[in-house]
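Below is one structure; the comments refer to it alone.
The values are calculated or read from the model by the stated rules, or taken from the named source; none is laboratory data. Given the structure is predicted, the values throughout are model-derived calculations rather than measurements. Reconstructed Cβ throughout: ideal geometry from the backbone, glycine too, with neighbour counts over all protein chains shown. All accessible areas refer to the heavy atoms of the entire protein, side chains included, with ligands and DNA or RNA removed. Shrake-Rupley method; radii C 1.70, N 1.55, O 1.52, S 1.80 Å.
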Amino acid sequence: MENIPVEKNKEYIVDIIDNGFEGEGIAKIDGYTIFINGAIKGEKCKTLIVKVTKSHGYGKIIEIIEKSNDRVEADCATYKRCGGCNLRHIKYNKTLEMKRDVVQNLVNKTLKNKITVNNTIGMDKPYYYRNKAQYPFGINKNGEKVFGIFAQRTHEIIEIQECKIQNPISEKIAREVISFIRKNNISVYNEETGEGLFRHLIVKVGIKTNEVMCVIVLNGEKFEKEQEFVKVLLDKFNKDDKNEFKIKTIVKNINTKNTNVILGDKNIVLYGDGYINDKLGNYTFKISPMSFYQTNPVQTEVLYNKAIEAAKLKKSDVVLDLYCGIGTIGIYASSFVDKVYGIEIVEQAIEDAKENARINNIENIKFRCGAVEAILEDLIKEENIAPNIVFVDPPRRGLDKNTVDNILKLKPEKVIYISCNPATMVRDINMMEAKYEVKEIQPVDMFPYTSHVEVCALLELKSYQ
């Protein structure tokens, strides 16, 4: 590869001129871009080049010659190897600025209206916020059975010492489970051979209700000491009054496929009724082993309140909630408007959404199962509605062109776009800019100390203003 000014396995001293989407440092040598994990804008680093391509290279910090004032000592023993967070070496307020800048750069590059993005709304206490943990089981280098988290870009299990982003009850339960596995000599799953029984432990926590669900994922139908296993967990976590969290249900999930997908299709309840509840705002939501529920409910409330406030909803509004999941945002909006219609492709989610509407006694909401692009037109014809407000909260890939076209045909007064991937959101808004004006873009820090940022954008129909 000619004209590349760096060589692999050589060291260079570089100035970090920016940070990228994933929080990585960016340096240039003779116009050639180098990405360096863990480096912060403004720093000078001695860097070892570890990979070279025609367009860019990757470096590894050997020494930080000049440190940024925003650098802090990471407060986690496994931070460098674990892929769970990637910004723990940066002051929290600075990470909020970085997330806003990522969104602003996308706006500046892609949109005609270079709207100023609001400052990111952070968390008062950005610790222990995740209400769902997924721990794989495996064997460590010493041949011991362990649980943990997969190391960045590999399937080596890193044993957790004390995770700063998971709810602490999850780790306590996992320690009890691994202790039971070791004592009773139960096998753990080996990805290479496809053998071994215990694959994963999933813990879901209702942070407002203190209800806990444990899902044990097995490579087989059952294990000998199931009842003893249940008793050990209940004795440990439900008898002690000092534990504010109580295990409400224990579920066995069967996954015998050779796959990276964690859950299989079959659930068998070992204890309780197979679900937990949690509250968002004034509403109760039922969470089953398979259902998606926002991972940081504290910031979800902030995000939804922001979305509702931006929409300035009124009693005559008819709302479409596309990609509605288990109905959270539609249920949230229901008390302000005349009618809500939710569409979602996942059948289990729609069942949960209907149940959630029933639990909360909401009668002005209807849910339909199917792909948005396939059933939106039918819904509008059958119900004979003209929705004037549309909420979208699509997966990371954003909206497909069909859905964008359908929204443009519908011409709702307002579109509230909630996104976990600002790059696809800005791409989609760009397709709507001829008819819609972007009024506000609000980032919310849903996943502190990671490079993820959630965004809420308000679009208004130009002729409606």
Yes/no for SER291 being outside any helix (DSSP H, G or I), free of Cβ contacts under 8 Å to residues at least 40 places away in the same chain and polar (S, T, N, Q): no
Hits in segment 317-334 (condition: farther than 14 Å from ILE416 by Cα and either modelled with pLDDT of 95 or more or not hydroxyl-bearing (Ser, Thr, Tyr) (or both)): GLY325, ILE326, GLY327, ILE331, SER334
Number of positions in segment 33-47 that are open to solvent by less than 40 Å² (accessible area, probe 1.4 Å) and either free of Cβ contacts under 8 Å to residues at least 12 places away in the same chain or not hydroxyl-bearing (Ser, Thr, Tyr) (or both): 7
Search result, residues across segment 387-414 that are on the phi > 0 side of the Ramachandran plot and buried (at least 19 other Cβ atoms within 10 Å of the Cβ): GLY398
Some residue of segment 165-180 being surrounded by 13 or more Cβ atoms within 10 Å (Cβ to Cβ) and part of a strand (DSSP E or B): yes
The lone exception for TYR127 - which of (1) closer than 25 Å to ASN37 by Cα; (2) open to solvent by less than 20 Å² (accessible area, probe 1.4 Å) it fails: (2)
Residue match in segment 435-447 (condition: over 30 Å from LYS80 (Cβ atoms), buried (at least 17 other Cβ atoms within 10 Å of the Cβ) and among the aliphatic types (A, V, I, L, M)): yes
Single unsatisfied condition, SER451 versus (1) assigned to a strand (DSSP E or B); (2) of a type outside the set (Lys, Arg); (3) out of contact with any helix residue (DSSP H, G or I) (no Cβ under 7 Å at 6 or more places or on another chain): (1)
Qualifying residues in segment 349-386 (those that are crowded, with 20+ Cβ neighbours inside 10 Å and of a type in the set (Val, Ile, Thr)) - the one modelled with the lowest pLDDT: VAL372
Members of segment 231-258 that are surrounded by 15 or more Cβ atoms within 10 Å (Cβ to Cβ) and either within 25 Å of the chain's Cα centre (by Cα) or closer than 22 Å to LYS354 by Cα (or both): PHE245, LYS246, ILE247, LYS248, THR249, ILE250, VAL251, LYS252, ASN253, ILE254, ASN255
Single match in VAL269, VAL261, VAL302 (criterion: more than 30 Å from LEU379 (Cα to Cα), in a helix (DSSP H, G or I) and open to solvent by 10 Å² or more (accessible area, probe 1.4 Å)): VAL302
Any hit, segment 215-223, residues being in contact with a His (Cβ under 7 Å, 6 or more places away or on another chain) and open to solvent by less than 30 Å² (accessible area, probe 1.4 Å): yes
Qualifying residue in segment 335-346 (condition: crowded, with 22+ Cβ neighbours inside 10 Å and under 25 Å from GLY122 (Cβ atoms)): no
Selection count, segment 162-190, where residues are out of contact with any Phe, Trp or Tyr (no Cβ under 9 Å at 6 or more places or on another chain) and in contact (Cβ under 8 Å) with a residue 40 or more places away in the chain: 2
Subset of segment 179-233 that is touching a Ser or Thr at 6+ places or on another chain (Cβ under 6 Å) and modelled with pLDDT under 95 - its residue that is farthest from GLY274 (Cα to Cα): GLY196
Criterion (in contact with a Lys or Arg (Cβ under 8 Å, 6 or more places away or on another chain), surrounded by 21 or more Cβ atoms within 10 Å (Cβ to Cβ) and of a type in the set (Asp, Glu)) met by exactly one of ASP278, ASP321: ASP278
